[in-house]
Amino acid sequence: MATVTHPLHTTTFKLPLPLRTEISHPHTLSIKASLSTNAPLPGRKLRAAVIGAGPAGSSAAEALASGGVETFLFERSPPTAAKPCGGAIPLCMLHEFDIPSHLIDRQVTQMRIISPSNLAVDFGKTLRANEFIAMLRREVLDSFLRSRAESRGANLVSGLVTDIEVPNTSSTAPYVVHYTANNSRHALSVDVVVGADGANSRVAKSIKAGNYACAIAFQERIKLPDEKMAYYENMAEMYVGNDVSPDFYAWVFPKCDHVAVGTGTVRAKQDIKAYQRGIRERVKPKIAGGKVIKVEAHPIPEHPRPIRVRGRVALVGDAAGYVTKCSGEGIYFAAKSGRMCGEGIVKASEGGDRMIEEKDLKREYLKAWDAKYISTFRFMDLLQRVFYGSNAAREALVELCGDEYVQRMTFDSYLYKRLAEGDRWEDVKMVCNTIGSLTRCNIVGS
Amino acid sequence: MSVSMALFSPPTHPPSFSPSIPLKPHLTLKPHLSLGPLKTSVFLLSAARASADNGAGTSASAATALEPDADLKISKPPKAVFQKDESTAGANGSLGATEAGEVEVVSKFEDTRWIGGTWDLKKFEKDGKPDWDAVIDAEARRRKWLQNNPESSSNDDPIIFDTSIIPWWAWMKRFHLPEAELLNGRAAMIGFFMTYLVDSLTGVGLVDQMNNFFCKTLLFISVVGVLLIRKNEDLENLKKLLEETTFYDKQWQATWQDETPGSSRN
């Protein structure tokens, strides 16, 4: 006969928890199910350091602090630092992260995609009345998330993290975070480190997570005269073509009172200025008379790092490489991965009472993340390979975007991050149209 | 500016091209591409000679038939100034200045039949019906021209033309059918000789071969081979394509790969 004992408090057990069976003696089989095999922490809470307080770091810190873990959130830049970024976030982020609407600068309801031969297609007919793409200033969004994490109990440390000491032998020795604050050097011992420090992550370097290929995004912020700005009131534009980018797209995104005109590339980084000239040329009539107020550039990861979790260190957001191909979207995935990681740690440590291990991080965070989003990322990679390869393919892409079904599917997938409910027959038609457009445009594009 | 796909009805079965391989049309458009080092493209107003095909009375129409040598047709260099090459190529690295001093001439694609952002089909008429081959050629030339002289997109002058205006049978007749003929011919030759060979070696006739599983497998492999491998380079391309398709996935799985069994490194 089997007896099942629950040595700990009576919470419902969910599947991924580890189970141990032991045969105590030959005639009875007893199965002990424990919540966790990890050692309880003597008289203190689990201590976590989150390096980087952007969307990923702040979400992780918020989840950790709300769950009872003692959290330290490190950030080197002052809250007003503007990050070079498109600043577009999907609706699901507004809902899931409770972003108040007064932070939104603009609600983009029209997206125009323009082919190499300047065929323009308007996306947005299928949007419902309350649907839009929210454009925000990064500094506004980031400070909001950061202060919310603080209000949940995270300790915000303004300082530059210089190094993470990784213990190599014992499994309970702490990680030591070395940082500089107020012109003096400090060190902090923690149990868990969450690396949310972006594309040039120092945490990733400390755990030897490996490198990834990066795209470079380059943009100029241009202040337009009022009548030209009216055109971009709630319209964003995407330009494709070899003259503006060999493997990505160029954009004109409206911001609070100016537009950001930029482009990006992976393989031709040294020619980025030429591509920027290219996009300026393409948009010339619409930005004539504008003044450039800022020029900025930033690397964007193209794929995840080879190692995303090592020991009790986990990478989230840009540091891990969670940026979709084809659209280059990263804010939502950064925030979501930070939150999933934080929640995973809270769960594995039972609210900060137990030490956690690498396998907990992998199970609660990595596995859950991959299961949820890998098909999205794979699909975007496929789109990029098929449609950004040549001018002919780009023309086909723009032609296809004219179809209402395609627009509806695209927006549903983007805004809600879910595989939209499709009509089988329309799907088949869409596939046929895709093949047809690609064939025709390849022929005509010679 | 919504583009209606109303005129385009999808072909009953997709043409024999594998969709994920960018199609390189190895047909009559090819000679058109190998133009001189100046990259001057062929088009625009004054024609080297009027084509006999084009019944339209416009004397200024560029030749539409593709068969004649492309070299003879380089009538004049394009009117445009190559902006990208000649602009102050980073003379002052700072892009802080506005556009003012950079480019004087804005080039635009011009052709008598290109009106209001689309091809005027009436100008392509032959025997009262539009000559679709001519439309395809004209559009191909326009796109090639735009590759070298990208135009600014402007709201006052939108482009409306999209390839779905051209009916599907025009594409079939011109591009699919010749290729299909080629491939079927190859398959027939292979089939005939393989049948003969197998028959002479084993004495099994055609009908009995078709009933045999091994022979059916061979048949399948040859058909797939004829479809996929059309040029020598295709073999390499297919291998690379397979690699590429799985590469991104490998990058995602890398973090799971590194586990050395039994060790948890801190």
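Each value in this text was obtained by applying a stated rule to the coordinates, not by laboratory testing. Note that the structure is predicted; figures quoted are calculated from it, not measured. Note that we place each Cβ from the backbone using ideal geometry, even for glycine, and neighbour counts take in every protein chain shown.
Remarks
- For region B:133-266, convex hull of alpha carbons as volume per residue, Å³: 278
- Charge context of residue A:216, other residues only, Cβ under 12 angstrom, K/R +1, D/E -1: -1
- Cα centroid separation - region A:119-144 against region A:407-421, whole Å: 14
- Nitroxide proxy distance, nm - points 7 Å out along Cα→Cβ at residue A:168 and residue A:183: 3.6
- Estimated FRET transfer efficiency when R0 is 60 angstrom, pair residue B:207-residue A:413 (beta carbons, to 0.05): 0.70
- Dipole of region A:390-440 computed with +1 at Lys/Arg Cβ and -1 at Asp/Glu Cβ about the Cα centre; of A:437, A:405, A:390, farthest Cα towards the positive end is A:390.
- The Cα atoms of chain A cover 79, 59, 39 Å along the three principal axes, with the biggest extent listed first.
- Spin-label model, residue B:160/residue A:424: points 7 Å from Cα along the beta carbon direction are separated by 3.9 nm.
- Within a Gaussian network of chain A (alpha carbon springs, distance under 10 Å), most fluctuating of A:40, A:55, A:304: A:40
- Within 10 Å of the Cβ of each residue in B:151-160, the mean number of Cβ atoms contributed by other protein chains is 6.
- Relative counts (whole %) of C-alpha pair distances in region A:122-281, using bins that are 5 Å wide: 2, 7, 11, 12, 13, 13, 12, 11, 9, 6, 3, 1, 0, 0
- Taking a point 7 Å out from the Cα of residue A:158 in the direction of its Cβ, the residues of region A:58-101 whose backbone N falls within less than 15 Å of it are A:73-82.
- Of interest is the spacing of the C-alpha centroids, which for region B:177-200 and region A:34-71 amounts to 68 Å.
- With helices as the sole contributors, chain A gives -10000 deg cm²/dmol at 222 nm; each DSSP H run of n ≥ 4 counts as -39500 (n - 2.57), and the sum is divided by every residue.
- Spatial offset of region A:207-244 relative to region A:360-382 amounts to 27 Å, using the alpha carbon center of each.
- Rounded to the nearest whole angstrom, the semi-axes of the ellipsoid equivalent to region A:397-446, taken from the Cα gyration tensor as √(5λ), stand at 23, 12, 7, largest first.
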